[in-house]
Amino acid sequence: MITLAQLTELFGWAALINIAYLSLATLLLVLMKGTISSLHCKMFNLERSDLEAKYFAFLSHYKVLTLVFFVAPYIALKIMRY
């Protein structure tokens with residue numbers, strides 16, 4: 001059986017990994033926008049304006065999911081320990 005401390009640690013590491021990925025994806029999209037956009041335009045046959053909207057939607061959805069499913073449970077478990 002998993003303990004409260006183990007579950008807290010699991011959510012903490014999962015939150016950290018997801019926040020690191022979100023930061024890396026954001027940085028890459030900001031710093032290498034032209035290269036990544038041209039690659040994705042060719043791969044998915046999309047217009048550049050549509051692609052920018054999809055990038056924004058991806059980053060915003062990923063941020064919300066990370067906050068809801070990893071950061072919030074981690075904070076709740078940290079509060080429960082005291």
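Throughout, read-outs are computed from the coordinates displayed, never taken from laboratory work. Treat the numbers as computed from the prediction; the structure is a model and nothing was measured. For neighbour counting, all protein chains shown are included, and Cβ atoms are generated from backbone atoms with ideal geometry for every residue, glycine included.
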Difference of contour (0.36 nm per residue) and Cα-Cα distance, MET80 to LEU29: 14.6 nm
Protection proxy ranking of 41-52, 8-19, 56-67 - average other beta-carbon atoms within 10 Å, highest first: 8-19, 56-67, 41-52
Degrees between helix 33-44 axis and first principal axis of the chain (Cα, 0 to 90, nearest 10): 80
Relative contact order for the range 7-80, counting Cα pairs under 8 Å that sit 6 or more residues apart, in percent: 56
Set of lysines near LYS78 by C-alpha distance (under 27 Å), chain-local residues within fewer than 8 positions excluded: LYS63
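Tell me the Kirkwood radius of the chain: reciprocal of the mean inverse pair distance over distinct alpha-carbon atoms, in Å.
After inverting the pairwise mean of 1/r, the radius is 14.6 Å.
Between SER38 and THR3, what length comes free when the chain is fully extended (0.36 nm per residue of separation minus the Cα-Cα distance, one decimal in nm)?
Numbers: separation 35, 0.36 × 35 = 12.60 nm, distance 4.78 nm.
Extending this stretch completely gives an extra 7.8 nm.
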Cβ-derived FRET efficiency at R0 35 Å, ILE17 paired with ASP50, nearest 0.05: 0.75
Two-site label geometry, LEU10 and TYR62: point separation in nm, points 7 Å out along Cα→Cβ: 2.4
3J(HN,Hα) from dihedral phi, the range 21-29, Karplus parametrisation 6.51/-1.76/1.60, rounded to Hz, x for glycine, proline: 5, 4, 5, 5, 4, 5, 4, 4, 5
